[in-house]
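Q: After the structure tokens below, expect a handful of questions from me.
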Amino acid sequence: MEARLNFFAHPLAGKVLKHINSANKVVADSTLPHATQELVKIRASQINGCGFCTDMHTKDATAAGETQQRLNLVAAWREAKVFTDAERAALELAEQGTRTADAAGGVTDEAWANAAKHFDEDQLAALVGLIAIINAYNRVNVITQQPAGDYQPGMFG
């Protein structure tokens, strides 16, 4: 499989990615737990059918010490006993924030209130930013049909 457009090497696309990457760095450096960040990125990528990001973030999570059991259960997090209440709240917010077109009301007050019980305002800002950023990356990769499977942890710096 070949990508429709080499978004990573194209000059204009590179400028777009530079700004998305800068926003991502702000979130990555926040106090939002790193494990939660990876779980959210994986779940949004699964929902969006982004093989590239699913491959990347499961490999990054594994390299950071995440267990295979938890990674295997991300798509079925509601039934899995391996996630904390805070992680569940983040995953629910990620799902609702990713599926905004599926729900006329967008993110429910209940999902927001649950997330706010587990995360402070800075962490909530980081979580909202993360959900927006991973959805942007997913869309770039899905639109350009970026092939998945070759990612190695750390290859983008």
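The values are calculated or read from the model by the stated rules, or taken from the named source; none is laboratory data. Small disclaimer: the values here were computed from a predicted structure and weren't measured. All Cβ positions, even for glycine, are placed from backbone atoms using ideal geometry, and neighbour counts span all protein chains on display. Accessible surface areas use protein heavy atoms only, side chains included; no ligands, DNA or RNA. Shrake-Rupley method; radii C 1.70, N 1.55, O 1.52, S 1.80 Å.
Q: Modelled label-to-label distance, M155 and T100, 7 Å Cα→beta-carbon offset: nm?
A: That separation, rounded to one decimal, is 3.1 nm.
Q: Here's something else I'd like to know. Of the options A86, V74, V107, report the single residue whose Cα projects farthest towards the positive end of the charge dipole of the range 58-114 (beta-carbon charges: Lys, Arg +1; Asp, Glu -1).
A: Working it through, the farthest residue towards the positive pole turns out to be V74.
Q: Right, something else. Using only Cα atoms, tell me the angle between helix 34-47 and the longest principal axis of the chain; keep it within 0 to 90° and round to the nearest 10.
A: Once rounded, one gets 70 degrees.
Q: Calculate the dipole size of the chain relative to its Cα centre from +1 charges on Lys and Arg beta carbons and -1 charges on Asp and Glu beta carbons; express the result in debye to the nearest 20.
A: Using only the charged Cβ atoms, the result is roughly 420 debye.
Q: On alpha-carbon atoms, Rg over Rh for the range 26-74 using Kirkwood Rh?
A: Computed over Cα atoms, the ratio is 0.95.
Q: For the chain, what D do you get in µm² per second when you plug the Kirkwood radius from alpha-carbon pairs into Stokes-Einstein at 20 °C and 1.002 mPa s?
A: 134
Q: Moving on. Which value, in Å², gives the accessible area per residue of the range 15-112 when a 1.4 Å probe is used on the protein heavy atoms?
A: 51
Q: In whole angstrom, how far apart do the alpha carbon centroids of the range 107-139 and the range 1-66 sit?
A: Cα centroid of the range 107-139 versus Cα centroid of the range 1-66: 16 Å apart.
Q: Using θ = phi - 60° and the Karplus curve 6.51 cos²θ - 1.76 cosθ + 1.60, what whole-Hz ³J(HN,Hα) does each residue of the range 54-70 get, with Gly and Pro shown as x?
A: Per-residue couplings from phi come out as 4, 4, 4, 7, 5, 5, 5, 5, 4, 4, 8, x, 5, 7, 5, 4, 5 Hz.
Q: Can you give me the angle between helix 109-118 and the longest principal axis of the chain, using Cα atoms only, in degrees from 0 to 90, rounded to the nearest 10?
A: 90
Q: Ordered by residue, what ³J(HN,Hα) values in Hz, to whole numbers, does the range 134-143 give under the Karplus form 6.51 cos²θ - 1.76 cosθ + 1.60, where θ = phi - 60° and Gly and Pro are x?
A: Working through the residues one at a time gives 5, 5, 5, 4, 4, 5, 4, 6, 5, 4 Hz.
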